[in-house]
1. So how far apart, in nm, are the two label points at residue 354 and residue 201 if each is 7 Å from Cα heading toward Cβ?
2. With r as the distance between the Cβ atoms of residue 294 and residue 361 and R0 = 41 Å, compute the FRET efficiency 1/(1 + (r/R0)^6) and round to 0.05.
3. What lysines sit close enough to residue 178 to cross-link, taking a C-alpha to C-alpha distance under 29 Å and skipping anything fewer than 8 places away on the same chain?
4. Take the solvent-accessible surface of the protein heavy atoms, probe 1.4 Å, and return the percent of it on region 370-426 that carbon and sulfur atoms account for.
5. Taking H as built 1.01 Å from N, whose amide H comes closer than 5 Å to the amide H of residue 391, not counting residues under 5 places away?
6. Rounded if a/c is under 1.5, else prolate if a/b beats b/c, else oblate: with a ≥ b ≥ c from the C-alpha gyration tensor eigenvalues square-rooted, which is the chain?
7. In terms of modelled amide H atoms, which long-range or inter-chain residues lie less than 5 Å from the amide H of residue 219?
8. How many angstrom lie between the C-alpha centres of region 467-499 and region 133-178?
Amino acid sequence: MRGNRNKRRRLGWSGVLFVIAFVFLNTTSDLHALPAVKAIRVVPSAVPNPTPTPLPQAVFATAPPGDYNRLFIVRQSGQIHILNLVTGVVNPTPFLDIHTGIRSGGEQGLLGMAFDPDYFTEGSDGKGKFYLNFTVPGGVWGNGVTHISQFQVSNNPDVADPTEKLLTMVQPTPSPAKPLTFDHPQSNHNGGWIGFSSRPNDDHNLYVATGDGGNHDDVDPSPAPVPPGHIEPGGNAQNNTTLLGKMLRVHVEPKTATYTIPPDNPLAVSNPPVRKEVWTLGLRNPYRDSFDRLTGRMFIGDVGQGSREEVDVQQPGNPGGGENYGWRDREGFIQNPFFPKATPTPTPIPPRVNPILDYDRNTGGTVIGGYVYRGNQIPGLRGTYVFGDYLAQKIFALNYDGTTASNFQDITSQFFSASTGFSLNSLSSFAEDANGELYITDVGNGNVYKIVPVTPNVEIDSITRDLTNPMVPQIIIRGLGVPFTNVTIQATSDLTQQFAFLTTVPVAGDGTFEFSDTTNPAVRFYRVKYP
């Protein structure tokens, strides 16, 4: 539900000036009843010219920090497209197209993208650089190899240079270069997410989610491949000599496309064949993951086998990692039915960390990790973790206070119903733009949706007196609105009189607007309205 909030300011200006701003925003505090929201389709565009088209195999979307004008949409087939948020139109030329060099289909292809934290920072080594997670043909078993690679934008900010630079570990000479790649025993369970965190003292540490190598229950098929693809005892996810079934963490050096091992990684001082890149273990297929922008918590959506789907959390209070999330021995909160007796021991080291939530296969069959909402347009949704399920085609929500998950609920009908005019075909990912607003990608029909409030949130944040120029005193009104639209400022000198139109103000891409009133009124009351 939405309500009104009045803000009063008393300002001195040749006497006393009283200013009142009528503000429209959500003040819901009952997190059991989420605010009224809906999904609107942003791809295909609603703009008729050029002819809008879907983006088949859309699996992810993201934006560089501070880029409020664009959303980058990743396709499993190897292309990245830019949705211009100002015009609502997808650029006719792809930002990047590497389809000829990848292995795409099933659970493989171009799966993840992360912009360098210094993507827009002049003079920095990370300016214009970004990182991709994708599968190429080949490998020991012929089932593909994942590359974690760096690319760079060209002189055209909307087109990237297709030259790949494999991230390579810095090692003492004359050790050979060690690229950040891993082979797949089977073609499923590729993970695919990569990302940077906003945690303190975590700059340029890249996180990479990897699956357990495929097949079922982290075991080899019969007959087993040569060499075996799942290390025994315990499987890949419990073995630190392989990158599979883990969350990896490496420190990226953007200038050289190299990486080092963060000194607080749990295996940083280990010797080969242990892989120092391992940050947490015991994951099956952490396909979609995220960091909460406010708290720094990492949320991991780990796809289950046959009994449970789970959401795990890595707490910011343990930046060095080392958690064991239990797979293949555990599935969610339960013992994996394929291994009815705990292995390798009832209390492995490090101890297993339970998920914050699991649900059974009657509720869904492939969890799609999402985001804790931290945007401006839906205040009543802030702090809520929004995620979903691919097989069930459902959107879920829950609240997590750092200890306990609560209010787990199915909210699909709020986004997709007869009233919205859209239906979810094949949920593939959630996404954030630079403002923290949420999107949904659909790998089946190529649509991209934005989650928006049924009633837009528009508010005045501050009203201040500016006497920088004593000859022209002015009142500065600042607030939040819907990006790339206009809001209407109305005013009256007497609350017993009607508000009259004063001006329209454009809302910037970051959602802010500002208006300077230099009319020198004795008394004025303001109101902002949308549109």
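The values are calculated or read from the model by the stated rules, or taken from the named source; none is laboratory data. Predicted, not measured: the structure shown is a model, and the values here were computed from it. We place every Cβ from the backbone using ideal geometry, glycine too, and count neighbours over all the protein chains shown. Ligands, DNA and RNA are excluded from the accessible area calculation, which covers all protein heavy atoms including side chains. Shrake-Rupley method; radii C 1.70, N 1.55, O 1.52, S 1.80 Å.
1. 3.0 nm
2. Values: r = 33 Å, r/R0 = 0.79.
For R0 = 41 Å, the calculated efficiency reads 0.80.
3. 127, 129, 165, 246, 255, 276
4. Details: 980 of 2130 Å².
C and S fraction of accessible area: 46 percent.
5. 365, 366
6. Taking the square roots of the gyration eigenvalues as a ≥ b ≥ c, the chain is prolate.
7. Placed amide hydrogens put nothing under 5 Å from residue 219.
8. Spelled out, the Cα-based centre of one part sits 52 Å from the other.
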